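This report refers to the structure that appears directly beneath it.
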């Protein structure tokens, strides 16, 4: 069976530094896979290369059997890969609903003439986009629904801004969702809530998820499989327990061998 995502020999250098170094990774449809590693391990570079922000120096990224190398980010999004960012990227002065609607830009069908003349096709398109945005916001219940639709994004709490960014990613109608440190900056209660919601993204929305996360409680709580990186190389892969107790992983995080103390 062909994996939904297949990465082969992926290499990305910045000057003399190899941020990714011959990385191989496969993700099956319906899996939740966590990518872990110390700062500078290449995790975010992996997402940036997968989504067309960077071009790889070597290797390939295949989605549903098709190479996405050389495609623009919007083309990759249209194929069904969507992402969030390590730092929240929103339009602060736009409303919550408008921010979620932005996610539908890659799915728009109405042409220029319809837009200029405000033809029925354009009005129908706008309503469809609004409905999709409302549906994605409703995933988070009252956190982003009701009166919050009309609030500017900058008025939201930090945790709700992160939820809004996930909602916008959902609005692109992805098959594969890339979450870059989704619980960063959240308190323990918010982290626990989002951990459950990541599970529900698969259960209720049928998504395959690749997540970068530093909080090992989240990794343990959501992962079918864990991949550990260090200096752009894969150093371990397996269940959470297998990877968490891997000597090379412990050494990468602690800077010493597990047996040293």
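Descriptive notes on the structure:
- A simple spin-label model places pseudo-atoms 7 Å from Cα toward Cβ; at residue 203 and residue 13 they are separated by 4.7 nm.
- Helix-only [θ]222 nm of the chain, DSSP H runs n ≥ 4, -39500 (n - 2.57) each, per residue, nearest 500: -11000 deg cm²/dmol
- Between residue 248 and residue 93, the simple label model (points 7 Å from Cα in the Cβ direction) yields a spacing of 5.0 nm.
- Fraction of beta bridges assigned by DSSP in the chain that are antiparallel (%, nearest 5): 55 percent
- Region 187-261 and region 9-64: distance between their alpha carbon centers, rounded to Å: 16 Å
- Label-reachable residues, region 11-46, where backbone N falls under 19 Å from a point 7 Å from residue 58's Cα toward its Cβ: 11-26, 42-43, 45-46
- Cα long-axis angle, helix 188-205 against the chain (0 to 90 degrees, to the nearest 10): 70 degrees
- Rounded to whole Å, sorted largest first: equivalent-ellipsoid semi-axes of region 128-261, Cα gyration tensor: 33, 16, 12
- Note that region 13-100, at 37 °C in a medium of 0.692 mPa s, gets a Stokes-Einstein diffusion coefficient of 220 µm²/s from its Kirkwood radius over C-alpha pairs.
- Relative contact order of the chain, taken over Cα pairs closer than 8 Å and 6 or more residues apart, is 26 percent.
- Distance in nm between pseudo-label sites at residue 105 and residue 28 (7 Å out along the Cβ direction from Cα): 3.7 nm
None of the figures in this text is laboratory data; all of them are computed from the coordinates on show. Worth saying up front: this structure is predicted, and the values here are computed from it rather than measured. Neighbour counts run over all protein chains shown; Cβ positions are idealised from the backbone, glycine included.
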